[in-house]
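Q: Quick one: the structure is below, questions incoming.
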Amino acid sequence: MNGVAHSAIGAGTGFVIANVYGADPMTTLVLVSAGTVSALIPDLDIGGKLAKKISLSDKMLKSVATIIGLLMMVLSLVQVGQNEKWLGFVIGGAIVFFAQKLSQKIMLILTGIGVGVLGFFLSKLWLLLIGIYIVGAALSSHRSYTHSLIGLVFFAYIAHLFAVDMSNDLLFYACTFGYASHLIADMRIFPANRRGIKLFLPFSKMEL
């Protein structure tokens with residue numbers, strides 16, 4: 001399934017959660033956005049052998065990395081500590097620069113390291129874990145660990161920490177179910193998928 005379909009399903013997931021809990025329009029927008037982004041996260045595993053067959057294009061990934069870098073720069077400017085401010089700004093600027101120069105795999109590894117370092121200095125465990133996730137995804141083959149229960153549980157923990165930090169419990173549901181929607185949509189039970197996902201890695205390589 002391609003990225004547009006995954007993002008649409010993720011957006012729908014966030015919208016359903018917002019309506020179930022009677023969220024206000026602004027919260028609904030936040031949940032829809034969280035579901036959309038989370039539904040694309042499993043396809044960060046572009047460093048593997050099946051890179052040419054993934055749904056996210058080179059251009060899109062470079063755009064995502066550039067946006068991440070710019071957001072890190074903006075976030076750093078509002079930090080109180082002077083050292084953290086400059087560190088985050090430099091890391092964000094480096095991501096924006098190298099996103100246009102390096103291969104997808106190296107670009108993602110550097111992005112993950114940058115995000116992780118910023119999370120460490122800002123004492124944001126969820127941001128540190130996102131950095132670790134990005135590095136792990138870049139080193140994984142397509143539809144492997146990011147498309148498994150291990151990937152889902154790891155991301156769900158990140159979503160939990162993020163929701164606590166943002167004081168919005170619904171973010172946990174939007175992010176987790178958005179991510180899960182990607183795994184379900186990639187299963188072989190749907191005729192459009194020629195191959196499924198190895199949900200129980202590393203214990204089983206059976207495709208579902």
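The values are calculated or read from the model by the stated rules, or taken from the named source; none is laboratory data. Everything numeric in this text was worked out from a predicted model, so none of it was measured. Backbone-built Cβ (ideal geometry, glycine too); neighbour counts: all protein chains shown.
Q: For region 6-26, which positions are more than 26 Å from D43 (Cα to Cα) and either in contact (Cβ under 8 Å) with a residue 12 or more places away in the chain or not in a helix (DSSP H, G or I) (or both)?
A: Matches in region 6-26: Y21, G22, A23, D24.
Q: Test D58 against the criterion of being modelled with pLDDT of 85 or more, surrounded by fewer than 17 Cβ atoms within 10 Å (Cβ to Cβ) and of a type in the set (D, E), and give yes or no.
A: Judged against the criteria, D58 is not a match.
Q: Filter the helices (runs of 4 or more DSSP H) completely within region 84-183 down to those with at least 2 residues that are surrounded by fewer than 20 Cβ atoms within 10 Å (Cβ to Cβ) and assigned by TED's automatic domain parsing to the domain that holds S63. Before you say what the answer is, go through the steps one by one.
A: Numbers: elements: 104-121, 125-138, 149-166.
Filter on region 84-183 gives 104-121, 125-138.
Q: Continuing with this model, one more query. Only one of these is in contact (Cβ under 8 Å) with a residue 40 or more places away in the chain, in contact with a helix residue (DSSP H, G or I) (Cβ under 8 Å, 6 or more places away or on another chain) and under 22 Å from T27 (Cβ atoms): L108, L171. Name it.
A: Only one candidate passes the filter, namely L171.
Matching residues to (1) farther than 20 Å from D43 by Cβ; (2) modelled with pLDDT under 85; (3) among the aliphatic types (A, V, I, L, M):
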| site | (1), (2), (3) |
| --- | --- |
| I134 | no, no, yes |
| A137 | no, no, yes |
| L161 | yes, no, yes |
| F190 | no, yes, no |
| I197 | no, no, yes |
